[in-house]
Amino acid sequence: MRIGLLTEGGYPYATGEARLWCDRLVRGLPQHEFEIYALSRSAEQERARVPLPEHVTRVRTAPLWAPADDGRSYSRRERRRFVDCFRELVHGICAGQPQPFAAGLYGLAELAREQGGMYAALRSESAVRALESACRAPGAARTVATAQVSDLLEFVDELEVMLRPLSLDWYGEPGGLGEADICHAAAGGVAAIPGLLAKRFFGVPLLVTEYGVQLRAHYLAQLAAGGEPETRPAVRALLSAFHLRLATEIYARADFLTPGNAHARRWQERCGATRERLRTVYPGMEADRFATVGESPDCGDPDTLVWVGRIEPAKDLIALLHSFAEIRRAAPGTRLRIFATAVAPGYLADCRSLAAQLFPDEAADSVTVGENPVTFEEIGGPEAPTTAEAYGAGRVVVLSSVIEGFPVTLAEAMLCGRATVSTDVGAVYEVIGGTGLVVPPRNPRALAEACLSLLQDPERAQRLGAAARARALELFTVEQNVAAFQDIYLRLLAKGSARPDGEIPFARPPEARVPGHWTSPTWAEPLPDSPSEAAV
């Protein structure tokens, strides 16, 4: 079958959160033909592309970072039609009504298919006036109603970028997205818009996978930007309303949704997704990378705690360091090794400064150079060349986050057979499943007590580590992930076609798309065009 894989800011390029699982999925299903339709976020991203297998037959890229002015200008009649559709769209955004939003979205898509791009129209004075009218209309949110002209201009600029998939030439061309057997969006949000249009106009089944809910990610990004002087409340409110309405439309129209965990599933259900169209599919990880450490009888240094991840405020290393201070008072010989996969420089400097204040360098005697019990290291360094060896450095792995979706580092630690202590955020409980200790977030004392209980009971830590590895091998491998999507693909095709012409999947053999006379031998007589000809 032909799978149209929709991505944004990731695969097939070497950056992005969805790069790894998309690559594993494509390579795990060589019996299918994949076509990749990617929305890119930067020029630097497009310069590095991962090697693709032979059954990836097409890669189409649309940049969201570059100006998209195609020089197309609408006639008076077309401008009137654009304003009518755009007015419905922004009314749905400002008043929180899904039906006008959907009508406006698909109306604009129809106009773009017939008349070309909407770059100039979306940035026109008519668009700004329609948006201002929607913001001032009865029923609009209070924050939206305070929007000034500068806010309206900024939001229109953002909206033009997010609506660029409406004007792409991916859909009706021969062999395009409209002829795919399934559209598989690797994320919600803007990445799924091409799938919505392919379903709307060509009846292509739409599958949406979210390992991190795009709406939640937008809310968190807006929360982080709330303290910046250039952010405006009205713009934030309009952007949030757009993403909410888009998420609601995606969840309502998708034929199937595959959240990556129960935490993401609850978000989708709250936004209108029905349970019969939901199936949780956990991310697939390469268990072989961690087999050497996971199957080794060596359980790591019994006096060492290990933390692995991106050093940023959401990981709450400050609370971890205060917790480690309590651990050191009860077990003075304990060490904490922090391995960074990526770094937010300012936050790293704060953590280093706090560690130096809490833990003065210690020396065995008067002539030995002192050493701090907390070390900050990078994966790939001389003492931890691989991620697996970083987890293997200690007996207990700690996760101290205050914000988390699916905790990948926790699943990796489980594959390494390590006991874990984690904060109760995101999908942590679902991943752990009773094979580790879970404490409330922002509670250094509870985190310290849980770590001490495992450090002082090595047999218990070893039992939990063995149980954690068994659970991870059952739930979080590439094999289970690929098998789940293969089953879902077949289920979607078994439901039958929703194409306007009633065409069924596989009605045309693959050879029909190969140039040349492959399906009809040269010696065969041509088929009659009508029953009357057949009777002659």
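The values are calculated or read from the model by the stated rules, or taken from the named source; none is laboratory data. The structure presented is a predicted model; accordingly, all values stated were derived computationally and were not measured. Reconstructed Cβ throughout: ideal geometry from the backbone, glycine too, with neighbour counts over all protein chains shown. All accessible areas refer to the heavy atoms of the entire protein, side chains included, with ligands and DNA or RNA removed. Shrake-Rupley method; radii C 1.70, N 1.55, O 1.52, S 1.80 Å.
Tabulated values for the structure
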read-out	value
Which listed residue is buried (at least 17 other Cβ atoms within 10 Å of the Cβ) and either more than 26 Å from the chain's Cα centre (by Cα) or under 28 Å from Ser40 (Cα atoms) (or both), from Leu131, Leu153	Leu131
Enumeration of residues in region 393-414 that are over 28 Å from Arg216 (Cα atoms) and either aliphatic (A, V, I, L, M) or open to solvent by less than 20 Å² (accessible area, probe 1.4 Å) (or both)	Ala393, Gly394, Val396
Region 179-217, subset in a loop (DSSP other than H, G, I, E, B) and modelled with pLDDT under 90, residue surrounded by the most Cβ atoms within 10 Å (Cβ to Cβ)	Val213
Qualifying residue in region 230-250 (condition: out of contact with any helix residue (DSSP H, G or I) (no Cβ under 7 Å at 6 or more places or on another chain) and open to solvent by 30 Å² or more (accessible area, probe 1.4 Å))	yes
Count - residues of region 242-292 that are in a helix (DSSP H, G or I) and of a type in the set (Phe, Trp, Tyr)	4
Where Ser296 falls short, out of the listed (1) without any contact (Cβ under 8 Å) to a residue 60 or more places away in the chain; (2) outside any helix (DSSP H, G or I)	(1)
Sole exception among (1) more than 25 Å from the chain's Cα centre (by Cα); (2) modelled with pLDDT of 90 or more; (3) surrounded by fewer than 21 Cβ atoms within 10 Å (Cβ to Cβ) for Gln115, by number	(2)
Filtered residues of region 136-147 (kept if touching a residue at least 24 places away in the same chain (Cβ under 8 Å) and surrounded by fewer than 13 Cβ atoms within 10 Å (Cβ to Cβ))	Gly139
Test: residue in region 32-44 that is open to solvent by 20 Å² or more (accessible area, probe 1.4 Å), out of contact with any Phe, Trp or Tyr (no Cβ under 6 Å at 6 or more places or on another chain) and on the phi > 0 side of the Ramachandran plot	no
Leading residue by the ranking (farthest from the chain's Cα centre (by Cα)) among those in region 428-458 that are of a type in the set (Gly, Ala, Ser) and at pLDDT 95 or above	Ser453
Given (1) assigned to a helix (DSSP H, G or I); (2) open to solvent by less than 50 Å² (accessible area, probe 1.4 Å), number of the condition Arg471 does not satisfy	(2)
Complete set of residues in region 251-262 that are open to solvent by 10 Å² or more (accessible area, probe 1.4 Å) and either within 16 Å of Lys199 (Cβ to Cβ) or modelled with pLDDT of 95 or more (or both)	Ala252, Arg253, Asp255, Phe256
Residue in region 55-77 that is surrounded by fewer than 21 Cβ atoms within 10 Å (Cβ to Cβ), in contact (Cβ under 8 Å) with a residue 40 or more places away in the chain, of a type in the set (Gly, Ala, Ser) and touching a Gly at 6+ places or on another chain (Cβ under 7 Å) present	yes
Considering residues of region 442-468 that are among the charged types (D, E, K, R) and part of a helix (DSSP H, G or I) only, the residue surrounded by the most Cβ atoms within 10 Å (Cβ to Cβ)	Glu449
Complete set of residues in region 40-78 that are assigned to a strand (DSSP E or B) and of a type in the set (Ser, Thr, Tyr)	Ser40, Thr57, Thr61
